[in-house]
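Report on the following structure.
Quick note: the coordinates plus some simple rules give every number you see, no bench work behind them. Note that the structure is a prediction, hence the values are computed from the model and not measured. All Cβ positions, even for glycine, are placed from backbone atoms using ideal geometry, and neighbour counts span all protein chains on display.
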């Protein structure tokens, strides 16, 4: 089964994440996309949970994916050694008879050479790169395993911006996620 692997801190998951995943599922040959909660990014200096635990973020992913055919939350990274390296996650998925397709933003693509075992990822897995505000993609990728999703929806919103002004940004969240944040008093709500 060909499965998109879309990792992130999802702190919180927002409509931009869901719209992008739905677009990629509709336009690229994948059976499903797993939105994977990444607990610790080895390339970031610090991860700022902003008042939401891993279990809160996972529950918000479950809520956001509900009702979206082919989108599934995935907690596999939470059970792996930290920091979580993408090459190890993809290998674990492959060992479980899943054919993973890595989904990353243009910002990550431009730093891909800094990723742990990036050459191994590039050689063994398909990669779909989606646009991000402020990061340009060339029209033609230089590797056969890489596809640029140049027409994917571009969302100029970030989880950080949402956290920083949560009461004014609830409309940027999937149905049910805003209620979860309010009920659990996350992000200073």
- Message: Compute the angle between helix 54-65 and the longest alpha-carbon principal axis of the chain, please, reported from 0 to 90 degrees and rounded to the nearest 10.
- Response: 80
- Item | the chain: most fluctuating residue of 164, 124, 138 per GNM, C-alpha cutoff 10 Å | 138
- Item | Cα principal axis extents for the range 62-171, largest first, Å | 44, 35, 29
- Translational diffusion coefficient, Stokes-Einstein: compute it for the range 136-178 using the Kirkwood radius over C-alpha pairs as Rh, at 37 °C and 0.692 mPa s, and state it as an integer in µm² s⁻¹. 248
- Message: Over the range 82-189, what is the relative contact order in percent, taking alpha-carbon pairs closer than 8 angstrom and at least six residues apart?
- Response: 19
- Note on the structure: Contact order relative to length for the chain, counting C-alpha pairs under 8 Å separated by 6 or more residues, stands in percent at 27
- Note on the structure: Within the set 76, 51, 134, GNM on the chain using Cα springs under 10 Å gives the largest fluctuation to 134
- Query: Which one is right for this structure if Rg and Dmax of the Cα atoms in Å is calculated from it: [x] 15.9, 47; [y] 16.2, 59; [z] 16.5, 52?
  - Reply: [x]
- Message: 7 Å from Cα along Cα→Cβ at both residue 31 and residue 145: what's the point-to-point distance in nm?
- Response: 2.1
- Computed E for residue 179/residue 113 - FRET, C-beta separation, R0 41 angstrom, nearest 0.05: 0.50
- For the range 98-159, projected area of the alpha-carbon convex hull averaged over all directions, nm²: 5.0
- Message: Run lengths n ≥ 4 of DSSP H only: what is the helix-derived mean residue ellipticity at 222 nm for the chain, with -39500 (n - 2.57) per run over all residues, to the nearest 500?
- Response: -9000 deg cm²/dmol
- Helix 86-95: angle to the longest alpha-carbon principal axis of the chain, degrees 0 to 90, nearest 10? 80
- Message: Cut-off 10 angstrom, C-alpha nodes, Gaussian network model of the chain. Which of 33, 128, 98 fluctuates the most?
- Response: 98
- Quick one: of the DSSP bridges fully inside the range 39-181, what percent are antiparallel, nearest 5? 10
